[in-house]
1. Read through the list (1) in contact with a Ser or Thr (Cβ under 6 Å, 6 or more places away or on another chain); (2) among the aliphatic types (A, V, I, L, M); (3) buried (at least 18 other Cβ atoms within 10 Å of the Cβ), then give the number of the only condition that residue A:302 fails.
2. Go through the residues of segment A:119-138 one by one and say whether even a single one is modelled with pLDDT of 85 or more, open to solvent by 60 Å² or more (accessible area, probe 1.4 Å), of a type in the set (A, V, I, L, M, F, W, C) and farther than 30 Å from residue A:238 by Cβ.
3. If you go through segment A:103-112 one residue at a time, do you hit one that is farther than 30 Å from residue A:259 by Cα, out of contact with any Ser or Thr (no Cβ under 9 Å at 6 or more places or on another chain) and among the charged types (D, E, K, R)?
4. What's the number of the condition residue A:96 fails, among (1) within 30 Å of residue A:211 (Cα to Cα); (2) touching a strand residue (DSSP E or B) at 6+ places or on another chain (Cβ under 8 Å); (3) crowded, with 17+ Cβ neighbours inside 10 Å?
5. Being assigned to a helix (DSSP H, G or I), under 24 Å from the mean Cα position of the chain (by Cα) and free of Cβ contacts under 8 Å to residues at least 60 places away in the same chain narrows it down to one residue among A:162, A:188, A:179; which is it?
6. Can you pull out every residue in segment A:237-286 that is open to solvent by less than 50 Å² (accessible area, probe 1.4 Å) and of a type in the set (Val, Ile, Thr)?
7. Quick check, is residue A:343 within 14 Å of chain B (Cβ to nearest Cβ) and surrounded by fewer than 16 Cβ atoms within 10 Å (Cβ to Cβ)?
8. Does segment A:81-93 hold any residues that are open to solvent by 40 Å² or more (accessible area, probe 1.4 Å) and not in a loop (DSSP other than H, G, I, E, B), and which are they?
Amino acid sequence: MGAGRADPLMAAASFLVRRVLATFVVLIAVTILTFVISHVIPGDPAQLIAGPRAGAAEVAQLRHALGLDRPLHEQYATYVVALLHGDLGASIVTGQPVLREILDRLPATIELMGLALLLSVAVAVPLGVIAAAARPSPLDTVLRGLSTVAISTPRFWVAMLLLGLFYGALQWAPPSGRLSPGLTPHELTGLLTLDSLLRGDWRLLRDATAHLVLPVAALAIGNIGTFARIIRAAMIEVLAQDHIRTARAAGISQARILSVYALRNALLPFVTIAGLELAGLLFGSVTVESVFAWPGIGSYLLDAILDLNFPVIMGVTLFVSIGYAVINLLIDLSYRCIDPRLRAPAG
Amino acid sequence: MTALALEVAEFTLDVGTRRLRALNDVDLCVGAGEIVGLIGESGSGKSLAALSIAGLLPKATGHTVAGAIRVGGVEGASRRAQVGFIFQEPMSALNPALRIDRQLVDAIRARRDADRATARQHAATLLAQLELPDPERVLRSYPHQLSGGMRQRVVIALALSGTPSLLIADEPTTALDVTVQLDVLRLIRDQARERNLGVLLITHDVNVVAYMAARLYVMYGGWIVEAGPTAQVLAAPRHPYTRALLASRPDRVARGAAIPAIDGFVPPLAAVTTGCRFADRCALVEARCHTPSALTVEGDVHIARCWKAGAGGSDAS
Ligand SMILES: Nc1ncnc2c1ncn2[C@@H]1O[C@H](COP(=O)(O)OP(=O)(O)OP(=O)(O)O)[C@@H](O)[C@H]1O
Ligand code: SF4
Ligand SMILES: [Mg+2]
């Protein structure tokens with residue numbers, strides 16, 4: 001098999017290097033894109049900062065001070081050099097460094113999205129497996145109906161509904177934010193549940209969890225539908241393959257066939273498509289965070305867009321792109337864990 | 001007296017949502033330690049018979065059965081444990097995502113009480129018995145890291161892992177390199193002898209049957225149309241279908257001459273026929289062929305299902 005005899009470790013390393021290089025190229029493209037877009041979109045930042053009553057001379061002076069009157073390529077060079085020094089500029093609204101504001105808000109978003117992802121996978125995988133195995137049965141139809149409804153319902157609508165029901169009508173859940181007033185988080189990772197768990201602070205853990213339930217559910221519900229359908233389709237395909245019949249012939253139990261023999265093979269298409277769905281999750285977090293006044297990146301971005309706060313928009317876009325590129329890199333690497341044919345050389 | 005490895009009695013199978021008749025009144029037996037061939041064209045029902053015996057018919061489309069199947073003296077669902085199945089495609093027959101040791105150890109533990117370590121030890125022994133060099137390396141491998149012949153040996157190991165009474169081999173060598181075909185056949189024969197296993201060997205290839213099997217069944221359109229000792233059936237086929245099948249053996253045809261494929265094709269299950277399924281392809285067909293024919297037996301052992309069995313028989317080829 002040609003180069004198949006190469007040392008698997010070397011092969012993995014060269015794969016990693018190639019992927020990281022590709023990721024860098026993508027990120028450079030992103031900086032150009034955010035830069036160009038922010039300079040093409042109508043709305044003059046200098047005018048905005050100076051305020052509506054500022055005179056033309058005042059605005060021109062500010063534009064000069066901000067470097068906005070220099071040629072585009074020069075402005076881009078300054079922008080990239082600043083980026084390399086970790087300088088994403090300052091927020092037009094607060095005057096604070098964008099990087100610091102993003103880092104302050106990042107843990108809230110990571111906690112929200114991470115738990116939403118975990119919850120959707122944990123619920124969707126068993127649902128999809130059962131739906132595939134029970135086919136054809138009423139259960140299968142019910143699950144399909146449920147996932148269709150979940151897919152076709154916008155996330156912000158789910159968020160409003162959950163908020164209206166569990167806070168407005170039932171008063172079961174806290175309204176918004178990450179913690180009740182009066183509680184102070186432990187400064188460790190910034191993930192409140194993890195920090196309070198590590199510190200053994202059960203009151204804080206309960207409060208943080210109570211605040212997480214609704215936004216996590218609002219984000220996860222749509223994914224559960226999509227993920228369950230992907231798993232179901234992948235499982236149906238795998239269950240028809242010859243090696244499943246071999247496992248049956250060998251007397252391996254149905255539960256084990258489903259959970260190991262078939263699921264292992266169904267994970268590859270699942271991870272591929274689920275990875276694409278992550279963009280939707282990022283997008284959904286903007287609206288969900290806004291509905292629940294969640295102090296994360298999503299609500300930060302939405303505010304920045306409404307204020308035409310360009311340094312923040314550019315900074316967040318860059319950050320999200322990095323996050324997305326890193327996630328995709330991890331997904332690519334995970335293929336090699338899931339599919340041994342990509343990892344070990346053929347004999 | 002030990003139980004027969006396989007007894008199939010008046011077995012009938014209807015498949016699909018329309019419950020089309022796929023197997024008719026199949027009678028078949030395999031003794032312990034005996035290798036029996038089952039031949040017939042594509043679509044004649046060989047695989048469905050094999051899957052029925054092993055209890056592996058796919059549930060999705062549904063099916064109804066009548067008659068009896070007994071493997072190693074065991075009837076009903078528990079007969080599954082008595083059957084080892086060797087599949088045609090060694091690549092697709094093994095799970096691509098799991099190491100060989102996982103697949104073999106699971107199979108061994110599915111049929112007997114053993115801890116992982118014991119089962120793994122047993123798996124290594126099994127692979128060594130199947131003449132696989134370096135069993136430890138094979139156990140650590142994924143299927144794609146093995147050659148076709150090695151994979152087929154692993155498939156055989158899986159089939160033997162449950163200590164069955166009957167081995168069903170459905171086209172075990174068709175997908176293999178010519179150079180390893182003979183090795184795999186010899187291996188199956190040696191294992192059958194050593195373990196006193198009955199073997200039902202399904203194939204298109206008359207030469208394989210001639211090499212391996214003491215007795216032979218010929219299947220056509222879901223019916224057993226002829227059965228008997230291999231030498232006798234090959235030398236003096238009684239059913240016109242068997243004669244046509246033998247005439248189309250590539251090595252029997254003079255070099256350069258066209259292979260006389262049998263005209264027409266196996267009738268689809270939906271085709272309604274009364275009487276002989278071979279009637280629309282048979283040169284000897286006459287009016288009575290459209291009414292069901294009885295089995296005729298010659299010399300106690302050589303069976304054929306044809307109104308004119310024997311007529312123009314041995315001297316026709
Ligand atoms: N679920 C089903 N519904 C309808 N027809 C079926 C079904 N399963 C099998 N058949 C038909 O039954 C017939 C016998 O199929 P089978 O696979 O047993 O043939 P075979 O003798 O093994 O052929 P081959 O040599 O190609 O493997 C074929 O005509 C096939 O199309
Ligand atoms: S029964 Fe008639 S049609 Fe059928 S094989 Fe015999 S001669 Fe031919
Ligand atoms: Mg077949």
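The values are calculated or read from the model by the stated rules, or taken from the named source; none is laboratory data. None of these values were measured; they are calculated from a predicted model. We place every Cβ from the backbone using ideal geometry, glycine too, and count neighbours over all the protein chains shown. Surface accessibility is based on the protein's heavy atoms, side chains included, excluding ligands, DNA and RNA. Shrake-Rupley method; radii C 1.70, N 1.55, O 1.52, S 1.80 Å.
1. (3)
2. Let us first name the residues in segment A:119-138 that are modelled with pLDDT of 85 or more, namely A:119-133.
From the residues that got through so far, the ones that are open to solvent by 60 Å² or more (accessible area, probe 1.4 Å) too are A:119, A:122, A:126, A:130.
Then keep just the ones that are of a type in the set (A, V, I, L, M, F, W, C); that gives A:119, A:122, A:130.
Add one more test, that the residue is farther than 30 Å from residue A:238 by Cβ, and what stays is none.
No, there is no match, as no residue in segment A:119-138 is modelled with pLDDT of 85 or more, open to solvent by 60 Å² or more (accessible area, probe 1.4 Å), of a type in the set (A, V, I, L, M, F, W, C) and farther than 30 Å from residue A:238 by Cβ.
3. yes
4. (3)
5. Working: A:188 fails: assigned to a helix (DSSP H, G or I); A:179 fails: assigned to a helix (DSSP H, G or I).
Only one candidate passes the filter, namely A:162.
6. Within segment A:237-286, A:238, A:244, A:246, A:252, A:257, A:260, A:271, A:286 qualify.
7. Values: within 14 Å of chain B (Cβ to nearest Cβ): yes; surrounded by fewer than 16 Cβ atoms within 10 Å (Cβ to Cβ): yes.
Yes: the conditions hold for residue A:343.
8. Of the residues in segment A:81-93, the ones open to solvent by 40 Å² or more (accessible area, probe 1.4 Å) are A:81, A:84-85, A:87, A:90, A:92-93.
Those that are open to solvent by 40 Å² or more (accessible area, probe 1.4 Å) and not in a loop (DSSP other than H, G, I, E, B): A:81, A:84, A:90.
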